[in-house]
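Notes for the one structure printed next.
The values are calculated or read from the model by the stated rules, or taken from the named source; none is laboratory data. Just so you know, these numbers come straight off a predicted model, no measurement behind them. Neighbour counts run over all protein chains shown; Cβ positions are idealised from the backbone, glycine included.
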Amino acid sequence: MQEENLTLTVTTESGRLDKVISSHFEELSRAQVQQLIKTEHVQVNGQLEKAKYAVAAGDQITVSIPAPAALDVQPQNIPLDIVYEDDDVLVVNKPQGMVVHPAPGHPQDTLVNALLYHSPLSTINGVIRPGIVHRIDKDTSGLLMVAKNDQAHISLAAQLQAKTSQREYLALVHGVIKEDKGTIDAPIARAKNDRKKQAVVAGGKHAVTHFEVLERFNEYTLIKCILETGRTHQIRVHMKYIGHPVAGDPLYGPKKTLKGHGQFLHAALLGFKHPRTGEQMTFTTPLPPIFEQTLATLRKQIDR
């Protein structure tokens, strides 16, 4: 497998090289970009530069993604809830509690382990995240698109970058939101005082979440969230930022919250153009039982 090259011509942006690259290529974290720069896989105008290089308009940036090493993540025969599958893509309904890909503390029993047992996957994201174009958190349920080959992966990743794919979430949040709809436009970066958390930070990655109220309860609100960008923990961070953290969220929510299996956040709708045919494809999946049961309980408690 040959290395993959990503190219970027800077227009008006300026700033650190690692920050500019990670903000343009959402599939690459800033840490990954810094490692690529360190290992001389990034060039600016044909020259090697450091991560702190000040990018200017007109700069030509090339990022070479090295060919992956031999796959060492073990396939596991774990049941999958497959919503759609063909030779190029697979859409899976991830259950709450399942980690998407192996990481320290979760070397197995992940969605990737299950996918490897089921099907060949793209290799662009290396040995740990084969096929994974975008992620959802361990305790977030719902739809994920998976690339079964590199051509499909490039197309799906490009759609995410161009913001043409559709991602809609249902979230149950603390408090009663008065507005019927709104937009949260606030940059996100790693929290300075806790590396496990993300936060709204000046100079962070551009992040936009649109929300619409679906149902109000005594002390909670059910909303639909539409992602314009896909930052780590984006909905959870943005809802906390406006004073309405996601119910059940162990990281960003209050201690006194609704009991469940983590945050009440569900990736309910996913849409994209098929990487081979160009056909627009849209998928939906119902809420998990515990989410539905919680809503039913809240409806009974509404003051009348």
Seminar exercise, completed: Checking Ile235, Ile242, Ile223 in turn, the sole residue that is in contact (Cβ under 8 Å) with a residue 40 or more places away in the chain and touching a Cys at 6+ places or on another chain (Cβ under 8 Å) turns out to be Ile235
Problem set entry | All positions within the range 110-125 that are farther than 19 Å from Pro66 by Cβ and of a type in the set (S, T, N, Q) | Thr110, Asn113, Ser119
Seminar exercise, completed: Considering the range 30-51, residues that are surrounded by 14 or more Cβ atoms within 10 Å (Cβ to Cβ) and under 18 Å from the mean Cα position of the chain (by Cα), and then whichever is modelled with the highest pLDDT, we arrive at Val33
Exercise. Of all residues in the range 241-268, which are among the aromatic types (Phe, Trp, Tyr) and either part of a strand (DSSP E or B) or surrounded by fewer than 22 Cβ atoms within 10 Å (Cβ to Cβ) (or both)?
Worked result: Tyr241, Tyr252
Seminar exercise, completed: The one condition His238 fails out of (1) more than 21 Å from Lys196 (Cβ to Cβ); (2) buried (at least 17 other Cβ atoms within 10 Å of the Cβ) is (1)
Exercise. Would it be correct to say that His134 is in a loop (DSSP other than H, G, I, E, B), without any contact (Cβ under 8 Å) to a residue 40 or more places away in the chain and either surrounded by 18 or more Cβ atoms within 10 Å (Cβ to Cβ) or of a type in the set (Asp, Glu) (or both)?
Worked result: no
For this session: Could you list, in sequence order, all residues of the range 164-191 that are of a type in the set (D, E, K, R), loosely packed, with under 15 Cβ neighbours inside 10 Å and either outside the structural domain of Leu222 (by TED's automatic domain parsing) or not in a loop (DSSP other than H, G, I, E, B) (or both)?
Result: Lys181, Asp185
Problem set entry | Subset tally (residues that are surrounded by 12 or more Cβ atoms within 10 Å (Cβ to Cβ), assigned to a loop (DSSP other than H, G, I, E, B) and modelled with pLDDT of 85 or more) for the range 57-71 | 1
Seminar exercise, completed: Exception for Met98 within (1) within 30 Å of Gly260 (Cβ to Cβ); (2) assigned to a helix (DSSP H, G or I) falls at (2)
Problem set entry | Contacts under 7 angstrom Cβ, first residue in the range 51-63 being closer than 10 Å to Val20 by Cβ and of a type in the set (Asp, Glu), partner assigned to a strand (DSSP E or B) and at pLDDT 90 or above, 6 or more apart | Asp59/Val44
Seminar exercise, completed: Checked Phe211, Phe217, Phe272 against criteria (outside the structural domain of Val176 (by TED's automatic domain parsing) and either in contact with a helix residue (DSSP H, G or I) (Cβ under 9 Å, 6 or more places away or on another chain) or within 30 Å of Gln151 (Cβ to Cβ) (or both)); the one match is Phe272
